[in-house]
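A short write-up of the structure that comes next.
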Amino acid sequence: MTDLLIRNAIVVTSDSAGSVIHDGAVAVEGTRISAVGTAADLAPLAERARRVVDGTGHILMPGIINTHCHAADSLFRGLVEDLPLEPWLQTVWKAEAAILNPRTSHLGSVLGFAELLLSGVTSVMDMFWYPSETVRAARKVGLRVSTGGIFFDPAGVTALSIDERVAEAERFFEEFGSADDVFAAVMPHGTYTVGPENLKAAHAVSHKCGGIFCTHCAETKAEQADIVARYGRTVVRHLDHLGCLDARTVLAHCVHLDDEELDILAARGAHVAHNPMSNLKLASGFARVPEMLERGINVTLGTDGPISGNDLDMWMALRLAATIHKGHTGRAEIISTRQALDMLTINGAKALGAADRIGSLEKGKLADMVMVDLRRPHAVPMFDPLTHLVYSANKSDVRHVFLGGEQVVRDGTLTRLDIGETMDEVNALVPKIRASIA
Ligand SMILES: [Zn+2]
């Protein structure tokens, strides 16, 4: 029985052939896609479908996958500006220590996830304190989340010992390891905040539990110099030496890598989360994305947190990823439209170890889908839907979003909750947040 049939849309599948179906249709049974084809092919299903949606004037595309985020930092949006990463982080951490607890982390996550879902993001990799609160927030809003135990040697917000952090990380796998909407991970913050033994302990948990190992990597030149001074190796070599790099590793940033480090990432099958907005705003530099792609490294896209953004806009990340490397290298052909779009969708699914479930519109996959409105001046004329998505479309064009077939955004509005209350609660916190860094 067909539960949902969306027809007469331009279906951008993000499958391995990059198929686009003009006047296409997608059928859903339960939470999964049961058929993809032309509207004519799937017409017989319409008669008995529980719900038929007319996609005329829309692109139907896979849900967007954001592979690097700290959504709850939405609470601190715009609080600290115009500093490079290191002094900027010190101030941010001061505010986090004063404000964050399970309740406020949850509140910030709900706000950030609402922003993401409204822009078409259906899966997000989110590194933050209190990972179970992160999952609760994602479920409240209606998206999938990859998160897990944080490792951080300074006290940070939660001030746990290493044994407690290991226990928390393991508990997370017990609770969420088999959930359909959670991609369980272990999240040591970085090589400059987590010592070698604790990085190994974090990796051991992810390895034992079959999860993702995600950390910040080589974001700035100063970080590289710091790690070389401490351990005699650059960040990637250090992580490799500790045995932390494999096909379940997701590294955020990777801005400052030499040729051999790129070769190491390619050989280990590690994934890179490219965050162009954050790298530009914090003056971190230009990641060598074209060389990564040349080597077959899986490059995905992230927003990073909304304090280095200052929003959570994957459409901006997409457009920057497709353009800045052209400008930086002087070669207009260096990243194709198709490569950029894959970074937004299927490559993210590969990084989450979930390419068999999400990342493209194909039979058998979860029905995570976005309808992009084309009845806009900036969408006319449209010679190529892929070019439109990469270079013209923006987050306000996202009209409907489906998660496993459930409509979680209708006409630009969340269906699971009234986000107005959350915004009021966050605004009530503003005086306290402002005072935290005074
Ligand atoms: Zn980050």
Report summary line: The extension gain from T323 to I437, computed as 0.36 nm times the residue separation minus the Cα-Cα distance, is 37.5 nm
Report summary line: Summing -39500 (n - 2.57) over every DSSP H run of at least 4 residues in the chain and dividing by its residue count gives a helix-only mean residue ellipticity at 222 nm, to the nearest 500 deg cm²/dmol, of -12000 deg cm²/dmol
Query raised in the report: How large is the dipole of the range 1-148 about the Cα centre if only Lys and Arg carry +1 and Asp and Glu carry -1, each at its Cβ, rounded to the nearest 20 debye?
Result: 540
Requested in this report: Under 29 Å Cα to Cα from K208, which lysines show up? Leave out anything in the same chain fewer than 8 places away.
Outcome: K200, K350, K365
Query - Residue-wise HN-Hα coupling along the range 79-95, computed from phi with Karplus coefficients 6.51, -1.76, 1.60 (Hz; x: Gly, Pro) - result: 7, 10, 10, 6, 10, x, 3, 5, x, 5, 4, 4, 6, 4, 5, 5, 5
Query raised in the report: Amide H of N298: which non-local residues (sequence gap of 5 or more, or other chain) have their own amide H closer than 5 Å, using H built in the peptide plane?
Result: V272
Query - Table column - 3J(HN,Hα) (Hz), the range 5-19, Karplus curve with 6.51, -1.76, 1.60, x for Gly and Pro - result: 10, 9, 9, 6, 9, 7, 8, 9, 7, 6, 6, 5, 8, x, 5
Report summary line: With DSSP loop assignment and no more than 15 other C-beta atoms within 10 Å, the chymotrypsin sites (Phe, Trp or Tyr not before Pro) in the range 366-438 are F383
Query raised in the report: How many nm separate the modelled label positions at Q90 and K200, each set 7 Å beyond the Cα in the direction of the Cβ?
Result: 3.2
Query raised in the report: What does the charge dipole of the range 310-438 about its Cα centre add up to, to the nearest 20 debye, if the Cβ of each Lys and Arg holds +1 and the Cβ of each Asp and Glu holds -1?
Result: 340
Query raised in the report: In terms of Cα to Cα distance under 14 Å, which aspartates and glutamates are near enough to K395, apart from those fewer than 8 places away along the same chain?
Result: E115, D311, D313, D373, D411
Query - Residue-count net charge about A39 - beta-carbon cut-off 13 Å; Lys, Arg +1, Asp, Glu -1 - result: -2
Requested in this report: Would you please give the FRET efficiency between L429 and A40, computed as 1/(1 + (r/R0)^6) with r the Cβ-Cβ distance and R0 = 51 Å, to the nearest 0.05?
Outcome: 0.45
Report summary line: Counting only protein heavy atoms and rolling a 1.4 Å probe, one gets per residue an accessible area for the chain in Å² of 37
Query raised in the report: Karplus couplings for the range 158-168 from phi (6.51 cos²θ - 1.76 cosθ + 1.60, θ = phi - 60°), rounded to Hz, Gly and Pro as x?
Result: 9, 6, 8, 6, 4, 5, 5, 5, 4, 5, 5
Requested in this report: For G404, list long-range residues whose amide hydrogen, built 1.01 Å from N in the peptide plane, is under 5 Å from its own amide hydrogen.
Outcome: A367, D368, M369
Query raised in the report: Treating the beta-carbon of each Lys and Arg as +1 and of each Asp and Glu as -1, no other charges, what is the dipole magnitude of the chain about its Cα centre, to the nearest 20 debye?
Result: 440
Report task. Take the alpha carbon atoms of the range 30-80, find their center, do the same for the range 249-263, and report the distance between the two centers in whole angstrom. Result -> 32
Report summary line: In nm, the gap between the two label points placed 7 Å beyond Cα toward Cβ at A97 and D258 is 3.6
Query raised in the report: When the accessible area of the chain is split by element with a 1.4 Å probe, what percent falls to carbon and sulfur?
Result: 52
Query raised in the report: Simple spin-label model, 7 Å along Cα-to-Cβ: D180 to E291 in nm?
Result: 4.4
Query raised in the report: Among 70-83, 113-126, 227-240, what's the highest-first ranking by average C-beta atoms within 10 angstrom per residue?
Result: 113-126, 70-83, 227-240
Requested in this report: Quick one: net charge around A354, please, counting Lys, Arg +1 and Asp, Glu -1 for every other residue with C-beta under 12 Å from its C-beta.
Outcome: +1
Query raised in the report: Over the range 129-284, what is the relative contact order in whole percent, taking alpha-carbon pairs under 8 Å and six or more residues apart?
Result: 18
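The values are calculated or read from the model by the stated rules, or taken from the named source; none is laboratory data. What you see is a predicted model, and the numbers here were worked out from it, not measured in a lab. In this analysis, Cβ positions are derived from the backbone assuming ideal geometry, glycine residues included, and neighbour counts consider all displayed protein chains. With ligands, DNA and RNA removed, areas are computed over all heavy atoms of the protein, side chains included. Shrake-Rupley method; radii C 1.70, N 1.55, O 1.52, S 1.80 Å.
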